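Working notes, beginning with the structure itself.
The values are calculated or read from the model by the stated rules, or taken from the named source; none is laboratory data. Just so we're clear, the structure is a prediction, and the values are computed from it rather than from any experiment. Note that we place each Cβ from the backbone using ideal geometry, even for glycine, and neighbour counts take in every protein chain shown.
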Amino acid sequence: MLDVSSGVPFDPGDVDASRPGLWRYRAFLPVANDSSIITLGEGWTPLLEWAIDGNPVWLKLEQLFPSGSFKDRGATVLVSAANEAGVGEVVEDSSGNAGSAIAAYCARAGIACRILAPANTLESKLAQIRAYGAELVAVPGDRQATAQAAWEQAQTHYYASHVWNPLFLQGCKTFAYELCEQLDWRTPDAVVLPVGNGTLMLGAYLGLQDLLMAGVIEAMPRLIGVQSAGCAPLVAAWEGHAFDVAQVQPTVAAGIAIAAPARREQILEAVAQTGGELVAVSEDEIVAALRLLAGQGLFVEPTVAATIAGLRKVLPTLEGQTVVTALTGHGLKAAAKVWDLTGDEP
Ligand SMILES: *Cc1c(COP(=O)(O)O)cnc(C)c1O
């Protein structure tokens with residue numbers, strides 16, 4: 001698996017708070033020239049003190065990104081680096097939010113963008129990709145078929161993949177920088193995150209490692225990953241069960257329904273090394289969490305509700321600890337779906 005780093009050790013003194021958003025960490029991001037930066041004002045998302053089932057937790061509001069999901073972290077850095085390299089056209093495959101993020105930043109950069117998406121992707125997400133002016137290609141079959149088609153096109157096009165392209169993870173590492181800085185460089189005890197392809201999990205891991213190596217934090221927080229029981233290959237591996245793609249069931253948490261995550265070993269290692277765990281949640285638990293959040297004024301897409309359902313399982317075991325989680329995607333991306341899921345009961 002290919003990875004890169006800026007090669008610059010983290011130093012709080014090099015954070016440039018005069019820059020908006022996540023580009024305050026510009027010194028540690030792999031873009032050489034300011035003029036290359038493609039920004040839509042992303043990052044430095046609020047960290048909100050909250051309570052779930054009476055247990056304190058910090059919510060990082062990652063749904064408040066320009067394209068409506070945390071994927072803008074990766075997209076702003078990846079597209080800026082591609083822009084710097086003089087790339088004129090890119091291809092990316094996505095079941096929704098990553099495609100929207102790459103399409104948005106390519107639109108801003110004037111880079112031609114082709115997004116391959118499974119034919120069954122929510123229309124609201126396809127609408128967003130198309131509106132940004134990307135060329136949209138619907139691929140019949142499952143998510144894996146789309147990934148395969150993109151892999152073939154990547155032989156001749158720049159592959160702006162959120163999964164394979166290491167520049168995307170370089171953007172996602174700013175999640176960890178932000179949350180630790182927002183806690184006044186205190187170390188959280190646990191970070192609960194959704195895991196499909198693991199880009200936020202691995203980005204967080206990279207960022208936390210930078211902070212640890214720089215002596216900014218004293219220990220790695222436990223990284224706790226949440227999957228939908230309908231598609232939980234990493235939970236299966238974690239618990240020592242075999243997993244076959246034939247076991248995959250439909251799930252409303254489409255954003256984490258990844259049957260064969262390419263960075264599987266890296267994710268398992270990050271969880272193991274931090275003393276974390278991987279938990280699965282049922283469809284009923286996801287819908288209950290979606291209602292709970294909306295009833296607290298937080299309108300998120302169903303995938304986010306899966307994270308909170310997982311959080312509800314582990315939070316009682318983390319009493320007295322500083323726990324952070326992320327609301328990764330906005331409800332407006334999937335409003336019709338939320339309507340279907342929350343309509344029939346009070
Ligand atoms: C992409 C996405 C996830 C999962 O991220 P991975 O990198 O696949 O682990 C979770 N929530 C939302 C809203 C997403 O868009």
### Members of the stretch 297-346 found to be charged (D, E, K, R) and under 20 Å from D72 (Cβ atoms), listed by number
E301, K333
### Query
What is the residue count in the stretch 252-311 for residues that are buried (at least 23 other Cβ atoms within 10 Å of the Cβ) and charged (D, E, K, R)?
1
### Task
Restricting attention to the stretch 25-69, report how many residues are in contact (Cβ under 8 Å) with a residue 60 or more places away in the chain, of a type in the set (A, V, I, L, M) and in a loop (DSSP other than H, G, I, E, B).
4
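Would you pick out the residues in the stretch 126-150 that are part of a helix (DSSP H, G or I) and in contact with a strand residue (DSSP E or B) (Cβ under 8 Å, 6 or more places away or on another chain)? Steps first, please.
Pass one, the stretch 126-150, residues part of a helix (DSSP H, G or I): 126-131, 143-150.
Passing the criteria: L126, I129, R130, R143, A145, T146, A147, A149, A150.
Among the candidates D16, D3, D72, single out the residue that is under 28 Å from V304 (Cα atoms), among the acidic types (D, E) and in a loop (DSSP other than H, G, I, E, B).
Working: D16 fails: under 28 Å from V304 (Cα atoms); D72 fails: in a loop (DSSP other than H, G, I, E, B).
Testing whether each residue is under 28 Å from V304 (Cα atoms), among the acidic types (D, E) and in a loop (DSSP other than H, G, I, E, B) leaves just D3.
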### Query
What's the number of the condition N97 fails, among (1) free of Cβ contacts under 8 Å to residues at least 12 places away in the same chain; (2) within 16 Å of the ligand (Cβ to nearest atom)?
(1)
### Query
Do we have any residue at all in the stretch 313-328 that's over 27 Å from G240 (Cα atoms), in contact with a helix residue (DSSP H, G or I) (Cβ under 8 Å, 6 or more places away or on another chain), assigned to a loop (DSSP other than H, G, I, E, B) and among the charged types (D, E, K, R)?
no
### Task
Hey, can you tell me all the residues within the stretch 175-198 that are more than 14 Å from the ligand (Cβ to nearest atom) and among the hydrophobic types (A, V, I, L, M, F, W, C)?
A176, L179, C180, L183, W185, A190
### Message
Tell me whether the stretch 272-290 contains one or more residues that are modelled with pLDDT under 95, more than 12 Å from the ligand (Cβ to nearest atom), farther than 26 Å from E178 by Cα and of a type in the set (V, I, T).
### Response
no
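Out of all the residues in the stretch 144-191, which are among the charged types (D, E, K, R), surrounded by fewer than 24 Cβ atoms within 10 Å (Cβ to Cβ) and touching a residue at least 24 places away in the same chain (Cβ under 8 Å)?
Result: E178, E181, R186, D189.
Quick grid of which residues meet (1) within 20 Å of W23 (Cβ to Cβ); (2) of a type in the set (S, T, N, Q):
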| site | (1), (2) |
| --- | --- |
| I37 | yes, no |
| V57 | no, no |
| K71 | yes, no |
| A75 | yes, no |
| L78 | yes, no |
| N83 | yes, yes |
| G88 | no, no |
| D93 | no, no |
| G110 | yes, no |
